[in-house]
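Taking it in order: structure first as structure tokens, then the write-up.
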């Protein structure tokens, strides 16, 4: 574990990579086990003496552990630096915030790019298929290793929200509260369909080489970029795209060819090319698969409320965005209905915005107010 | 304690300590907060406005953003001891459905309705020949949120039709303390400005929380129609 505060950082942060011993492999839903488990994580703030102020932040599909500090891979600010920070809803002065990189990821946690202990080379496609529950199990191992018995809150948006729901189903006794933002209790046919487009784009790239591109010294950059472009459209709303780009052209006049004439084309191409610099194609395959396999009710006889039966002591906050068509409000309402049916204490708000699914990364005053209110009252209820 | 609406005082009196309470249209959570502090209730709010929802969350209340007309189906059957709908039944699109939903979700409903049979209304309509604008219902007809107005008599008729029992009723008028009434009393339909009802399903046996305990020595209306009725859900 290489811990320690980073210089030049306003908030106190720590973290590193937790390496679990060989006798503590991660047992996966598929039946396989993952030896030499590594979980990369960042922390912000300090754990209090009673160990009651820990908040676990779960990231979305292409996120990572750098939630509130500069991402060393991109040099850009953390993905949730509008929520975590001094004077913000998750203030490191008050909370001990932990963000991990999910397993299957490519930012330090065990994933398809990690070395397979059997061969000494990158797993590639011999990496076992993982699920959201597997990601959560790895997080639970880390939380335990950090000496934390109960989390004050587990919070996340999109895939992070699904991890939050999984936490509530699998480890309710370790949670005081749970905040699920812009998520769904299962992946819909449309969700799976979009992911399949992305995966096919990657696998159609000749440089993918059946997943063994690393050994060949190449990367399926074109395929991964196209996957990102398709997915990125689903994160935005139609009105937001229209407002931002409309039919605006890059240059005066049409090129009468297939250059990026329209600004929206250029924007998407940029999204695609900048993504491949920071993300691994096989990780993209594995994590999208985990999302597609996600159906929280399935393990509970198809009844979502059953998944939350043991979570009656957890305070839930479910949030959706009005213009999110990837995981629309109706999905969040299904979650709330199930929580109510299970007798859980649940709050729900639909944030009015035209920014689509990605609104949870952006400055939304209503999101800020809601999170602030929920965390403050939760902390008070916990006696902080 | 801060100054609160007279109906809040009455509701506070009615609700059993430690009860599970749903407040439909809970606004900024003032009533729920009061009930939580004074009666240690396990409270849940339903509120349509984002500002109201944020205010509830900041108070530490559990609140679901939603619409009483549409979203009562969020809540399972008999999940609460009380469902409260204070002064907004007449603003619902389907008051009849909402009322029966309240009594699906909860064992008892606390509902207040402005009485359109109040003498001020009648006099105003008689004298001016226009839709009344009074202190209880101050908006002009074209902008009023009160789209389903009724008299006390209309309301007790609907309760009868839905097989609901009036466990208690009190008249509320502009800042004065609540006055327990028989809602079927001939004069009350003239003189009660707003009425607050405690309702339950008629077919239920409810040994606890008898109306007599709640309203002291006040004589309460006998349930009409002695014949046992089919329990409607």
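Within segment A:36-46, does at least one residue satisfy the condition of being more than 29 Å from residue A:231 (Cα to Cα) and surrounded by fewer than 19 Cβ atoms within 10 Å (Cβ to Cβ)? Taking every residue of segment A:36-46 in turn, at least one turns out to be more than 29 Å from residue A:231 (Cα to Cα) and surrounded by fewer than 19 Cβ atoms within 10 Å (Cβ to Cβ).
Just wondering, is there one or more residues in segment B:58-77 that are touching a residue at least 24 places away in the same chain (Cβ under 8 Å), farther than 21 Å from residue A:341 by Cα and at the interface with chain A (Cβ under 10 Å from one of its Cβ atoms)?
Yes: one or more hits.
Selection of segment B:8-26 for residues being surrounded by fewer than 20 Cβ atoms within 10 Å (Cβ to Cβ) and more than 14 Å from residue B:81 (Cβ to Cβ) yields B:8, B:9, B:12, B:13.
Checked against the criteria, residue A:334 does not count as assigned to a helix (DSSP H, G or I), surrounded by fewer than 20 Cβ atoms within 10 Å (Cβ to Cβ) and under 20 Å from the mean Cα position of the chain (by Cα). Across segment A:316-330, the number of residues qualifying as within 16 Å of residue A:185 (Cβ to Cβ) and either within 14 Å of chain B (Cβ to nearest Cβ) or part of a strand (DSSP E or B) (or both) comes to 7. Segment B:59-152 holds strands (runs of 3 or more DSSP E) entirely within its bounds, and those carrying 2 or more residues that are within 19 Å of residue B:164 (Cα to Cα) map to B:80-86, B:106-114. For segment B:43-57, a residue qualifies if it is assigned to a strand (DSSP E or B) and at the interface with chain A (Cβ under 8 Å from one of its Cβ atoms), and exactly one does: B:44. Applying the criterion of at least 1 residues that are within 14 Å of chain B (Cβ to nearest Cβ) and touching a residue at least 60 places away in the same chain (Cβ under 8 Å) to the helices (runs of 4 or more DSSP H) found wholly in segment A:196-315 leaves A:304-307.
Only residues that are part of a helix (DSSP H, G or I), under 25 Å from residue B:73 (Cβ atoms) and within 14 Å of chain A (Cβ to nearest Cβ): list them for segment B:4-35, please. Result: B:32, single match. For segment A:342-376, filtering for residues that are surrounded by 20 or more Cβ atoms within 10 Å (Cβ to Cβ), in a helix (DSSP H, G or I) and within 11 Å of chain B (Cβ to nearest Cβ) leaves 7. Scanning segment B:162-187 for residues that are in contact (Cβ under 8 Å) with a residue 60 or more places away in the chain and more than 20 Å from residue B:11 (Cα to Cα) yields B:162, B:163.
FYI, it's all coordinate maths here, none of it is from the lab. These numbers were taken from a predicted model, which means no experiment stands behind them. All Cβ positions, glycine included, derive from the backbone under ideal geometry; neighbour counts span all protein chains shown.
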